[in-house]
Structures are given as structure tokens and as C-alpha cells.
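Note sheet for the following structure.
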Amino acid sequence: MILSFVDSVRAVPAAEWEPLARPAGLYLSHRWLAGEEDDPTAARVYALVRNRAGTLLAAAPLCLVRDEPNDFYRPGTVLPARLRPRVIAGARRGYHNAPLTAHGLDSARRDACLLLLRDAARRFAGRHGTTHWWPYLTAPAAARLAPLYPERPLHLEDDAVIPLPGAGVDDYIASLPSRRRAGIRRERRAFAAAGLDVRHEALTGCLEDAGALLAGHQRDHGHERDGVDAMTGLLARQAAAMGDEARVVAAYDGRRMTGFCLYYHYGSTTWVRAVAADRRHPAPHLYFNLMYYLPAEEAYAHGTTALHAGMTAIEAKRRRGATVSGLWALADR
């Protein structure tokens with residue numbers, strides 16, 4: 001096996017990268033990572049493992065973080081005091097991470113690939129006088145990597161994924177316990193009766209409205225520096241990178257957007273990226289419809305079979321049928 005480094009994911013054809021990335025999720029996809037390269041808060045390289053025939057067997061982005069605006073990715077916030085790595089291995093955003101390995105590798109070759117990726121991260125971090133960590137690893141990824149690290153995996157958060165059985169939202173609702181079925185139908189009816197205009201559009205067409213709502217949502221959750229300009233700029237970068245794949249379902253009261261959900265279809269999953277609602281103009285069960293039911297409708301229409309609902313409010317997600325698993329961190333000393 002041969003280890004090499006490239007400075008941009010664009011140096012790897014998407015046709016090579018995507019078969020490894022699709023099982024791991026949106027935030028390790030070729031297009032997402034290419035868009036992240038425009039973020040000036042980190043320097044990046046990509047570790048690649050190939051066989052002698054040149055076939056890509058494994059890969060990992062490596063990010064030297066200069067300035068981390070997200071508290072949840074700051075080592076000082078989530079890791080023990082003795083660990084202060086400045087290199088992130090794998091996905092830097094999205095709270096969903098794993099090393100990329102090719103489908104069909106036997107356990108010995110897969111483990112050899114993971115060892116090379118760990119050594120690549122150590123080498124890159126060592127050149128910059130620091131260490132590395134893998135934040136927000138899925139449970140299977142953490143189990144595969146854990147034998148290679150001196151520190152035990154640290155549980156950071158829980159992650160929720162809602163299965164979408166059958167052919168439509170009615171099948172999803174029917175899969176839930178009877179008490180939950182009645183509650184969800186009631187929430188959908190009350191929202192529909194409010195008479196809001198529900199629109200499905202590309203993110204590029206509603207950046208300013210969505211940026212203002214997202215800034216308000218962040219402010220309500222204590223993130224004062226995530227102002228309108230910052231949030232609009234963040235969404236604009238996503239729109240530029242992801243194009244028509246960045247989709248929004250939004251509720252309007254006349255010309256005013258009262259809430260939106262930004263989502264992506266990737267692999268067999270629809271990934272909810274951001275949800276925000278205007279608390280000054282509430283509508284019945286607006287947030288639940290934007291977070292769960294309207295994206296689920298879009299998922300069924302697109303043919304995906306799960307809704308990635310992410311972290312926080314885990315019990316609310318569990319009540320809506322989510323399966324929950326841990327997200328873990330592994331840090332090198």
C-alpha cells in the first residue's frame with residue numbers, strides 16, 4: 001500500500017472519491033469538501049492510500065485549524081484539559097465523521113489502511129508542532145479506530161436517524177406507536193390549517209431571508225457572534241459549493257419567511273443541515289413540520305430511506321421514530 005498527500009480534494013476525481021464517501025455521509029462527500037476548502041480558518045491536506053495498481057483504498061481529510069468559530073469543535077470545550085490537538089482528521093463539519101475505506105476490503109487490509117491514515121495524521125500534525133483528533137465519529141468508526149490510539153474513545157453526543165419505510169409519509173407515520181401517530185397527525189393538521197405558503201426552492205434563491213432567520217436562531221441559543229452577515233455568508237458559501245443540491249423547504253406568511261429547513265439528499269439519506277423559525281411570528285407546530293415532516297416528504301419524493309436529524313433534542317427525535325447512536329472522539333497524545 002502506498003500513502004500520499006494532495007492539497008485539494010479536487011486532485012482526486014470525484015468518481016474515485018465518491019464510492020468511499022457515500023457510506024460515510026454528506027460531510028465527507030467530494031463536493032462538500034471542495035466547498036469547505038474556501039474556508040480560511042483551516043489549512044487542509046488529504047491523505048490517500050492506494051494499492052500498487054493505483055486503486056484508492058482509503059482517504060482522510062486533515063485540517064490544521066487556525067481559528068475555530070464553532071464551540072463544539074474546539075478541543076478546549078469537549079476534550080480533557082490534557083488534550084489540545086489542532087489537527088482534525090476526517091470531517092470538520094456536520095457532527096458526523098469516519099475514515100474513508102473502500103467497500104469490500106477484508107479486515108486485515110482495512111486495518112492496514114487505518115494504520116496508514118493514523119500515521120499520516122500524526123505526520124501532518126507533527127510538522128505543525130501539534131497532535132490530531134477525530135471528532136464526532138460514528139460508533140462503528142470509533143470501534144475500528146480505537147485500537148490504534150492510546151486514549152479511550154470519549155462520548156461527545158448522540159446522533160438521531162429516522163428510518164423512512166414504505167413509499168410515503170403515511171407509511172412513516174404508520175410505523176410509529178399509536179400514541180405518536182395521533183400526535184404527529186395532529187401537528188400536521190394544525191400546521192396545515194395555519195395557511196402558510198410552503199415553498200420548495202434552491203438555497204441560492206432565499207439567502208438573505210434564511211440568513212436572517214438562522215442568525216436569530218443562533219442568537220436565541222446563546223451564539224451572539226453568529227450575526228446576520230456571518231450566517232448569510234455561511235449559507236452563501238454552501239450555496240456556491242453545493243449548487244442545486246442545497247435545497248430549502250420554507251414557510252411564508254405573505255412575503256415574509258417565517259421558517260426554513262436546509263437539507264441535502266446524499267446516498268440513501270436526506271440530511272437536515274439547518275432549521276430556523278421566527279419566534280416573533282409563531283405558527284402551530286412550525287418547527288416540528290420544518291424539522292421532520294416536510295423534509296420527510298421530500299425524502300420520499302427523492303427516494304431516500306432515512307432522515308438524518310442529527311444531535312440535540314434527542315428525546316423529541318426518538319418520539320418521532322429515530323434510532324439513536326453515540327458520537328465519539330478519539331484523540332492522539
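The values are calculated or read from the model by the stated rules, or taken from the named source; none is laboratory data. Treat the numbers as computed from the prediction; the structure is a model and nothing was measured. When we count neighbours, we look across all protein chains shown, and the Cβ atoms used for this are built from the backbone with ideal geometry, even at glycine.
Side notes on the structure shown:
- When R255, R280, R318, R273 are screened for being among the charged types (D, E, K, R) and either under 23 Å from R93 (Cβ atoms) or in contact with a Lys or Arg (Cβ under 9 Å, 6 or more places away or on another chain) (or both), only R273 passes.
- Residue within the range 93-108 that is part of a helix (DSSP H, G or I) and farther than 18 Å from L330 by Cβ present: yes
- Restricting V78, V65 to those that are within 19 Å of the chain's Cα centre (by Cα) and farther than 14 Å from Y136 by Cβ reduces the list to V65.
- For the range 48-89, residues that are more than 18 Å from A21 (Cα to Cα) and either touching a Phe, Trp or Tyr at 6+ places or on another chain (Cβ under 9 Å) or buried (at least 17 other Cβ atoms within 10 Å of the Cβ) (or both) total 12.
- Yes/no for G129 being of a type in the set (G, A, S), in a loop (DSSP other than H, G, I, E, B) and closer than 20 Å to W271 by Cα: no
- Residue list for the range 126-164, restricted to those being farther than 22 Å from G76 by Cβ, free of Cβ contacts under 8 Å to residues at least 12 places away in the same chain and under 24 Å from the mean Cα position of the chain (by Cα): A143
- Residues of the range 226-242 that are more than 16 Å from A215 (Cα to Cα) and in contact (Cβ under 8 Å) with a residue 40 or more places away in the chain: A240, A241, M242.
- Segments classed as helices (runs of 4 or more DSSP H), wholly inside the range 134-214, with at least 1 members that are at pLDDT below 95: 178-193
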